[in-house]
Every structure is written in C-alpha cells, then in structure tokens.
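K.L.:
Sharing a structure, written as structure tokens. Questions coming.
The values are calculated or read from the model by the stated rules, or taken from the named source; none is laboratory data. Just so you know, these numbers come straight off a predicted model, no measurement behind them. No Cβ is skipped: glycine too gets one built from the backbone with ideal geometry, and neighbour counts run over all protein chains shown. Ligands, DNA and RNA are excluded from the accessible area calculation, which covers all protein heavy atoms including side chains. Shrake-Rupley method; radii C 1.70, N 1.55, O 1.52, S 1.80 Å.
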Amino acid sequence: MCNSCCSGRAPLQPMQISPMRPVPASIPRPPYADRGLLPDLDNRPQVHNAEGLKKMRAACKLAAEVLAQAGSLVKPGVTTEEIDIAVHEMTIAAGAYPSPRNYGKFPKSVCTSVNEVMCHGIPDGRPLREGDIVNIDVTVYLNGYHGDTSRTFYVGTPSPSTRKLVEANEEALREAIQVCGPGVPCSAIGAACGAVAAKHKLTVVRDFIGHGVGTVFHAAPQIFHHNNNQPGKMQVGFK
C-alpha cells in the first residue's frame, strides 16, 4: 500500500555501491548463484512434504533471526550498506547463502527499500535519516530451501502519515494471514488486503506480487494484493 507519507522529503538519489561480497566455497548455492541468472517464475506450486516443511521451517527461522538483527541496526546515520554487511556475515556464519546475492546479477545480500522505493532496493552508502522508513527483505538459502521474510522499520520517530501507512500494511498482513487455510482461494489474500487499504483510504501497488517459495526462490502461485479473480486454492504444504 502507499500514500504520500514521503512528500516534502528529497527524492532518493543513487549512491555508490560496493562490490559483491564473497561467500565461502563450502556453502551450498542455489543454481543461479554462480552465473547471475534470472530464472523465470516456476509455474509449479511449492507443496512440501514433512521433510520439506522441516527444512522450510529451519530456513525461515534463520531468515527471521537475521531480519531481527538487521532491524536492530536501524537508526539515523546507519547506511544500508552496513545493514547488508551484517546480513551477509550472519547468513554465511550459519552456513547459508544470502539468496538475493547475484540473483539476476543483484549485487547485494539483502534488499533495503527506503521511503518511496517500493521493494528490492539495493543497499548503498546513503545514511538513513530521521523520519525515514526502510523495508529490509531477507532471504536465506539453507539446506536446499529458501526462507523469505521482510519488515518495514522506522528510522527514529515517524510522521503521523508514515505511521498510518506502516500500521495499515501490518494490519493487511495480519488479515491476510487470518484467511489462509486448506481449500481457501488464493484470491482471498488480495481481498483481505484490498479491504484494509480501502478502510484506510490507501491504494495498493499492483506492480509487484507475492509468490510461492521453497526449493526455488520464486514459484507459483502468484499472489495479488488487491481484489482479483486469480484461480487456485491453498492446500496443505503450501509455502
């Protein structure tokens, strides 16, 4: 969702980006990692068996721990480059590969999206400023499975409009999770998000989607965050 929370602030400008950080050769890598390939979205839904779910939980647990550590660094004066370093080091220390690294030649180990950047922002040398918001999107590849998670953090004290935007997005997330279950249409997620946006008089960004995840980084089903008629139903083992 979006509003005009960043109006009055100077637009972001590109900053210098440091070289890609190395990953020890002993750490298993996803297929795209060495050549910087950009795979098509896999049209096969990721439905996991008991062993797959166990590995997914481990990957997602690590991703959540890395995200929490990254979020603890957010304050005025810290650069997203410093956040990237911390994410990279914590990920490889756990024996995992930072999934964004070299995915379609993405040069960093985490996505950091500041203010008007919707998603997939590249960490750089710009210091975070009082009143900014930054979404940190962490994905790790552990034991052949990707764990993917993100959260938006306040830099210092947010303005009222910024707080409204972030809290509405968090509400939409909670409402969307509540509707999930076996046999529920995937479109119910978009309906839940759209209802929250309408209630708060916000708009939904339609240029990006949710997706399945597991042994591949991006898989079916495609999840829209607005009212839609996309086919497909959730089932046990979906992720």
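K.L.:
Looking at region 159-169 only, could you name the residues that are open to solvent by less than 70 Å² (accessible area, probe 1.4 Å) and without any contact (Cβ under 8 Å) to a residue 40 or more places away in the chain?
P.N.:
Listed by number, the list holds a single entry, V166.
K.L.:
Moving on. Select from region 101-127 the residues that are surrounded by 23 or more Cβ atoms within 10 Å (Cβ to Cβ) and touching a Ser or Thr at 6+ places or on another chain (Cβ under 7 Å) and list them in ascending order.
P.N.:
The answer is R101, S109, T112, P123.
K.L.:
Considering each residue of region 1-30, count those that are open to solvent by less than 50 Å² (accessible area, probe 1.4 Å), at pLDDT 95 or above and either among the hydrophobic types (A, V, I, L, M, F, W, C) or not in a loop (DSSP other than H, G, I, E, B) (or both), and give that number.
P.N.:
Residues in region 1-30 being open to solvent by less than 50 Å² (accessible area, probe 1.4 Å), at pLDDT 95 or above and either among the hydrophobic types (A, V, I, L, M, F, W, C) or not in a loop (DSSP other than H, G, I, E, B) (or both): 2 in total.
K.L.:
Sticking with this one: Do any residues in region 35-46 that are at positive phi have Cβ atoms under 7 Å from those of residues that are open to solvent by 100 Å² or more (accessible area, probe 1.4 Å) and not in a loop (DSSP other than H, G, I, E, B), where the two are at least six apart or on different chains, and which pairs are they?
P.N.:
Qualifying pairs under 7 Å: G36/K105.
K.L.:
Between a first residue in region 117-133 that is under 19 Å from P100 (Cβ atoms) and a second residue that is part of a loop (DSSP other than H, G, I, E, B) and of a type in the set (K, R), which pairs have beta carbons less than 8 Å apart while being 6 or more apart in sequence or on different chains?
P.N.:
Filtered contacts from region 117-133: I122/K108; P123/K108.
K.L.:
Could you grab the pairs with beta carbons closer than 7 Å, sequence gap of 6+ or different chains, first residue in region 218-230 and free of Cβ contacts under 8 Å to residues at least 40 places away in the same chain, second one open to solvent by 50 Å² or more (accessible area, probe 1.4 Å) and not hydroxyl-bearing (S, T, Y)?
P.N.:
That search, which allows pairs on different chains as well, returns I223/I209; I223/H211; F224/I209; F224/Q230; H226/R206.
K.L.:
Out of all the residues in region 55-63, is one or more surrounded by fewer than 16 Cβ atoms within 10 Å (Cβ to Cβ), under 18 Å from A219 (Cα atoms) and out of contact with any Lys or Arg (no Cβ under 7 Å at 6 or more places or on another chain)?
P.N.:
Yes: one or more hits.
K.L.:
With the condition kept exactly as written, say whether any residue in region 193-204 is in a loop (DSSP other than H, G, I, E, B), open to solvent by 40 Å² or more (accessible area, probe 1.4 Å) and farther than 26 Å from C60 by Cβ.
P.N.:
Yes, because at least one residue in region 193-204 is in a loop (DSSP other than H, G, I, E, B), open to solvent by 40 Å² or more (accessible area, probe 1.4 Å) and farther than 26 Å from C60 by Cβ.
K.L.:
Taking region 206-239 only, how many residues are within 15 Å of the chain's Cα centre (by Cα) and open to solvent by less than 30 Å² (accessible area, probe 1.4 Å)?
P.N.:
7
K.L.:
Identify all residues within region 132-160 that are over 17 Å from M90 (Cβ atoms) and in contact with a Ser or Thr (Cβ under 7 Å, 6 or more places away or on another chain); write none if there are none.
P.N.:
Across region 132-160, the qualifying residues are I133, V134, N135, G144, Y145.
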